[in-house]
1. Does the stretch 1-24 hold any residues that are assigned to a loop (DSSP other than H, G, I, E, B), polar (S, T, N, Q) and under 12 Å from the mean Cα position of the chain (by Cα), and which are they?
2. Give me the pairs, please: first residue somewhere in the stretch 24-41 and over 19 Å from H56 (Cα atoms), second residue anywhere and of a type outside the set (S, T, N, Q), beta-carbon distance under 6 Å, and either six or more positions apart or on two chains.
3. So which residues in the stretch 16-41 are closer than 17 Å to V86 by Cα and surrounded by 16 or more Cβ atoms within 10 Å (Cβ to Cβ), if there are any at all?
4. Could you say whether any residue in the stretch 77-87 is modelled with pLDDT under 95, part of a loop (DSSP other than H, G, I, E, B) and more than 12 Å from the chain's Cα centre (by Cα)?
5. Name the pairs whose Cβ atoms lie under 6 Å apart, with the first residue in the stretch 42-57 and surrounded by 14 or more Cβ atoms within 10 Å (Cβ to Cβ), the second among the aromatic types (F, W, Y), and 6 or more positions between them or separate chains?
6. When the stretch 1-36 is examined, which residues are found to be touching a Gly at 6+ places or on another chain (Cβ under 7 Å), among the hydrophobic types (A, V, I, L, M, F, W, C) and over 17 Å from G78 (Cβ atoms)?
7. Output the number of residues of the stretch 58-87 satisfying the condition of being small (G, A, S), within 18 Å of K5 (Cα to Cα) and either exposed (fewer than 14 other Cβ atoms within 10 Å of the Cβ) or touching a Phe, Trp or Tyr at 6+ places or on another chain (Cβ under 9 Å) (or both).
8. Which one of these is in contact (Cβ under 8 Å) with a residue 12 or more places away in the chain, closer than 15 Å to V86 by Cα and touching a Leu at 6+ places or on another chain (Cβ under 6 Å): I11, I69?
Amino acid sequence: MSRRKLSEEEIGSALAELNGWKTDGKSITKSYDFKNFAASLTFVNKVGEIAEEADHHPDIKFGWGYADIELSTHDTGGLTHNDFDVAGSIDRIH
């Protein structure tokens, strides 16, 4: 996976391929809703498996009925293709 920081144009193109993700230019975020805490926890555990496999780890906040995911590539100070690849993988499990 590429660790090159993406340009604003590249970020816009990559974001257009995803559903419901938002950006501030430095990270991408998405909130997911669930029917209860157990469903949120199950989802977060699956996200953890994806992150470990990709060696690219999101910031996750979750609780009863929700999970918030934030992705960025800290060592580049912005977004890379890794962030969008992992976001797509996360979307496929929801």
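The values are calculated or read from the model by the stated rules, or taken from the named source; none is laboratory data. Quick caveat, the model's predicted, so the values are computed rather than measured. Every residue, glycine as well, gets a Cβ built from its backbone with ideal geometry; the counts of neighbours run over all protein chains shown.
1. Within the stretch 1-24, just N19 meets the criteria.
2. Close Cβ pairs (under 6 Å, with a partner that is of a type outside the set (S, T, N, Q)) amount to Y32/A67; Y32/H94; D33/Y66; F34/G65; F37/W64; S40/F34; S40/F62; S40/A67.
3. L18, W21, T23, S27, I28, T29, K30, Y32
4. yes
5. V44/F62
6. Correct list: F34 only.
7. Of the residues in that region, 2 qualify.
8. Just a single option satisfies the conditions, and that option is I11.
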